[in-house]
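Q: Mind having a look at this structure? Questions to follow.
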């Protein structure tokens, strides 16, 4: 807040002074004009009245003089009248129009004053007329003097009044307000200082203003204190949460509506194995980070729709320079009523996931040859049987028994036997289609191969069977022993043609295998 | 009848009483020498002469006006009848004229006998009496009825 200064000449005191002076000057001018006019009128009227009174006063004597034809008396009377400063000319005129006597001869435009002179004896018999001509310049001078006096008086009174008004206004209103404004300007918010109030203004509106302002300042200071305390509390809490947020072993992040990263703690980037810079610049968080963005989006939608916390284990996309597949346990929650952001927590579960996977691998695979073990092979065959029934898609089941393996084992020992088994296993894997077909070890020197989508008249069946014979029959180079050979007997059954269960099919294939064994080995036979 | 006679008696007594207590309404007589050519005078002419406006008779002869003394009985009533003014007003009138020094009020005579004698001898004199002049040497020019004060 910048303090607003008082522009020079725009202060309350100066303006009050200016207004009072202007008002007074205007009033004085107006009143002066009126006073002048009134004074002038009054003076003229007064003069006229005076002359009329004079004329009336001497009327009886003039009548006597006229009646007695006493010109000396009349002359003295007229001299007396003409001596009056307001009289320019005075004369007595008979009823016949004859001028009896005249004094003075000033020319004047002022209206003539006529006083009829009645006979002292005849009751109302007019005898003559006394004519008085007012002396205009002298009357005007008199009137001006009177008007001037009146105007000066008005002006004086107005000036006095203005001074008083200004003094009263200044002491009662403007000065206290000016002092108040200065004090208020120097006041710093939040300090215990308050505005002073003079005893003079204690109980008027200025006092009220000061008290109200002080009350406001108090309230403001209290609010400020409360707010400060609250802010400190909030800051402490926030710092606490931030520490938790920052120090959490989990990666915490906030996504916006489109799945872009809004905020993430340092650990989220550690968990992801990417720099914050990289995450922020490489498009959508969800697309960049997860191996299957669709699953992550599904999770977000689920959280939004249900308004609940949902979680899932998600594979991360391979980070540049990262080693091996990585997994996270992802907890998503969409704050209720927001609909905008989604909060997520990531826990690195790669270790757990890998041990889980390793255990599963161990459970399903033969430790020597790394082929599917018996149980896993059975499970796979079961699946294929089910598929063959459901989808009417045939598959071929090949049971393989190594010929001459027992002799090698007996002759050269287990280690050599194991090497032969491993080599045969690799050779068999090299023959089948890696994605869809099964190569498993059922135990000892018994193996199984299952070919998905291959019926009894499929050309691939013979080719694979022949290739298997050839691959297994290749000599194996064993260190310290030399070359050893084994052969293979293969019994083939085709589902669902030869059976609609694993047991049936295995039995048919086994029977065919037995036929091969009986007829000289190292061949394959289809169940009939 | 008897009743009427009684009423007449009471009336007579009353009249007698009035005549004794209050002076009877009297007339005033403006008089000149019986040999004077002027036969009569209007009241206006009489006022002009007695109040100093005029100094001559109708024929142009000089007129000398005589008055009775200030304390003479009937003088106040005479001036009231003549000008309608009280003695104080008349005095004031003359004071104004005397102030200028031009005019003088009529000369005053001690009593009506002196007036009768003077007017009888002086052909230019004019005066007034409160009783009709019995003297053959005087002529009445104007009779003034006394008015209520």
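Q: Quick check on the range A:365-526: take the gyration tensor over C-alpha atoms, sort the square-rooted eigenvalues as a ≥ b ≥ c, and tell me if it's rounded (a/c under 1.5), prolate or oblate.
A: prolate
Q: Inside 10 Å of the C-beta atoms of B:103-110, what's the mean count of C-beta atoms belonging to other chains?
A: Going residue by residue through B:103-110 and averaging, the value is 1.
Q: Express in nm, to one decimal, how much length is gained between residue A:470 and residue A:411 on full extension, taking 0.36 nm for each residue of separation and deducting their alpha carbon distance.
A: 18.9 nm
Q: Grab the Cα-Cα distance for residue A:38 and residue A:21, subtract it from 0.36 nm times how many residues apart they are, and report the gain in nm with one decimal.
A: Fully extending the segment from residue A:38 to residue A:21 adds 3.7 nm.
Q: Would you mind pulling out the separation of the Cα centroids of the range A:421-492 and the range A:118-135, in Å?
A: If you average the Cα positions of each part, the centres end up 173 Å apart.
Q: Can you tell me, using C-alpha contacts under 8 Å and at least 6 residues apart, the relative contact order of the range A:365-526 as a whole percent?
A: 30 percent
Q: While we're on this one: If you rank A:113, A:29 by fewest surrounding Cβ atoms within 10 Å, what's the result?
A: A:29, A:113
Q: Helix A:502-518 against the longest principal axis of chain A: what's the angle in degrees, Cα atoms only, rounded to the nearest 10?
A: Computed tilt is about 30 degrees.
Q: Can you tell me the FRET efficiency between residue A:481 and residue A:249 if r is taken as the Cβ-Cβ distance and R0 is 60 Å, rounded to the nearest 0.05?
A: Efficiency, from the Cβ-Cβ distance: 0.65.
Q: Same structure, new question: Exposure proxy check: A:121, A:27 ranked by fewest other beta carbons within 10 Å?
A: Ordered from fewest to most neighbouring Cβ atoms within 10 Å, A:121, A:27 come out as A:27, A:121.
Q: For peptide B:46-52, how many partner chain Cβ atoms fall within 10 Å of a residue's Cβ, on average?
A: The shielding value for this peptide is 3.
Q: With a/c under 1.5 counting as rounded, go ahead and sort the range A:339-426 into rounded, prolate or oblate using the C-alpha gyration tensor (a ≥ b ≥ c being the square roots of the eigenvalues; past the cut-off, prolate if a/b is larger than b/c, else oblate).
A: Oblate.
Q: Which whole-percent values make up P(r) of the protein assembly as shown when all C-alpha to C-alpha distances are grouped in 10 Å steps starting at zero?
A: Histogramming the protein assembly as shown at 10 Å steps yields 3, 9, 8, 7, 7, 6, 5, 4, 4, 4, 4, 4, 4, 4, 4, 4, 4, 4, 4, 4, 3, 2, 0, 0 percent.
Q: Here is a follow-up. With a cut-off of 20 Å, note down the residues of the range A:162-190 whose backbone N falls inside the zone around a label point 7 Å from the Cα of residue A:211 toward its beta carbon.
A: Within reach of a label on residue A:211: A:172-174, A:176-181, A:184.
Q: Where does the protein assembly as shown land at 222 nm, in deg cm²/dmol rounded to the nearest 500, when only DSSP H runs of n ≥ 4 count, each adding -39500 (n - 2.57), divided by all residues?
A: Value at 222 nm, helices only: -16500 deg cm²/dmol.
Q: Here's a follow-up. So, R0 is 30 Å and r is the distance between the beta-carbons of residue A:519 and residue A:374; what FRET efficiency does that work out to, to 0.05?
A: With R0 = 30 Å, the Cβ-Cβ based efficiency is 0.65.
Q: On to the next question. Gain in length, residue A:355 to residue A:462, computed as 0.36 nm per residue apart minus the alpha-carbon separation, to one decimal in nm?
A: 34.5 nm
Q: Turning to a different aspect of this structure: Please work out the FRET efficiency for the pair residue A:185 and residue A:29, using the Cβ-Cβ distance as r and a Förster radius of 51 Å; give the result to the nearest 0.05.
A: Approximately 0.85, to the nearest 0.05.
Q: Using Cβ contacts closer than 10 Å as the measure, can you line up A:367, A:212, A:248 from fewest to most?
A: A:367, A:212, A:248
Q: Let me ask you something else. Using DSSP, restrict attention to beta bridges with both residues in chain A and report what percent are antiparallel, rounded to the nearest 5.
A: Looking only at bridges with both residues in chain A, the antiparallel portion is about 95 percent.
Q: Can you pull the mean other chain C-beta count within 10 Å for peptide B:94-100?
A: If you average over the peptide's residues, the count of other-chain Cβ atoms is 6.
Q: Label the range A:201-242 by shape, choosing from rounded, prolate and oblate, from the square roots a ≥ b ≥ c of the eigenvalues of the Cα gyration tensor; if a/c is under 1.5 it is rounded, and otherwise prolate applies when a/b is larger than b/c, oblate when it is not.
A: Prolate, because a/c is 1.5 or more and a/b exceeds b/c.
Q: Going by alpha carbons, how many degrees (0 to 90, nearest 10) lie between the helix axis of A:175-186 and the longest principal axis of chain A?
A: For A:175-186 against chain A, the angle is about 20 degrees.
Q: With labels modelled as points extended 7 Å from the Cα through the Cβ direction, what inter-label distance (nm, one decimal) is found for residue A:281 paired with residue A:308?
A: Here the answer is 4.1 nm between the modelled labels.
Every number in this text was worked out from the coordinates using simple rules, so none of it is lab data. What you see is a predicted model; the values in this text were computed from it and never measured. Reconstructed Cβ throughout: ideal geometry from the backbone, glycine too, with neighbour counts over all protein chains shown.
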